[in-house]
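Before any comments, here is the structure.
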Amino acid sequence: MCSPFSITPIGTLYSPFKEKFAVPRQPGLAPSALAYLCLQGDANQIDAVRGIEQYSHLWLLFLFDQNLDKGWRPTVRPPRLGGNEKMGVFASRATFRPNGIGMSAVELVDVTQDSGQVTLVLRGCDLVDQTPIVDIKPYIPYSDSIPDAQGGFAHTKPTPLDVHFSDRALLALSPYPEQAYYQSVIAEVLAQDPRPAYRKGKPDNRRYAVHLFDFNVTFHVQNEQIEVASIEAFVETPPRC
């Protein structure tokens, strides 16, 4: 048996998804959302990413840090199966894993360096804000993309729901220069229906809230359409990098 070993994060990823409830269940489902990977420690040097701009996409290896102290489970109930059927943890992308390691394919938008801080600007992430990143690898299309691969119970992309913003919600976004960006990301996240799997396809009168960017977004589902009821700004804005 191999000896235990430790992993030191090489950076922290900052995203609009401030809680697990807000995170898209797979990468690329909220393609408008930007995230910022700030390198740290010995990895925070421009030489470490020299040549990385020639790749359009990257693999991120990261830690499910919010779950590490909760242990792991040999079987899980994937949301794609309605949360009722059990599958082996290694037959899923569940967050409760023996070593708490995840992987995600993301688009590389830009590489910046400011006052010694090296940052990768990314698009299409599915990681909660301030996720520790343990490695970065280039995405190689000829080897990493397998057109005839079988995707098991997650073979097809989920069908998004329509998202409608109330006048009140649109008014709350109107003072922000980034209004169109915020609205796009909120719509893309909610279109995936972040509610618990057992709620889907059934009458649901509950109102839900999700923390995106620095907003508390409340919504409910009516006739298989997401209705964004209100958007309220939090008082404090946490620093990035």
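Within region 108-132, restricting attention to residues that are free of Cβ contacts under 8 Å to residues at least 60 places away in the same chain and assigned to a strand (DSSP E or B), the residue that is least open to solvent (accessible area, probe 1.4 Å) is L108. Could you list all residues from region 208-241 that are closer than 18 Å to D162 by Cβ, at pLDDT 90 or above and not aliphatic (A, V, I, L, M)? Y208, T218, F219, H220, Q225, E227 - these are the residues of region 208-241 that are closer than 18 Å to D162 by Cβ, at pLDDT 90 or above and not aliphatic (A, V, I, L, M).
When you go through P31, P24, P16, P4 one by one, which is the residue that is closer than 29 Å to A154 by Cα, out of contact with any strand residue (DSSP E or B) (no Cβ under 7 Å at 6 or more places or on another chain) and of a type outside the set (G, A, S)? Full working, then the answer.
On the way: P31 fails: out of contact with any strand residue (DSSP E or B) (no Cβ under 7 Å at 6 or more places or on another chain); P16 fails: out of contact with any strand residue (DSSP E or B) (no Cβ under 7 Å at 6 or more places or on another chain); P4 fails: closer than 29 Å to A154 by Cα.
Being closer than 29 Å to A154 by Cα, out of contact with any strand residue (DSSP E or B) (no Cβ under 7 Å at 6 or more places or on another chain) and of a type outside the set (G, A, S) holds for just one of P31, P24, P16, P4, which is P24.
Counting only residues that are over 18 Å from T12 (Cα atoms) and either surrounded by 13 or more Cβ atoms within 10 Å (Cβ to Cβ) or touching an Asp or Glu at 6+ places or on another chain (Cβ under 7 Å) (or both), region 58-74 holds 2 of them. Any idea which of R199, R195, R168 is exposed (fewer than 14 other Cβ atoms within 10 Å of the Cβ), of a type outside the set (D, E) and closer than 24 Å to V221 by Cβ? The conditions single out R168. Look at region 138-149: where a residue is closer than 17 Å to S104 by Cβ and a partner is outside any strand (DSSP E or B), sitting 6+ places away or on another chain with Cβ atoms under 6 Å, you get P138/Y55.
The values are calculated or read from the model by the stated rules, or taken from the named source; none is laboratory data. Treat the numbers as computed from the prediction; the structure is a model and nothing was measured. Using ideal geometry, Cβ is built from the backbone for each residue, glycine included, and neighbour counts are taken over all protein chains shown. These accessible areas exclude ligands, DNA and RNA; they are computed on the full protein's heavy atoms, side chains included. Shrake-Rupley method; radii C 1.70, N 1.55, O 1.52, S 1.80 Å.
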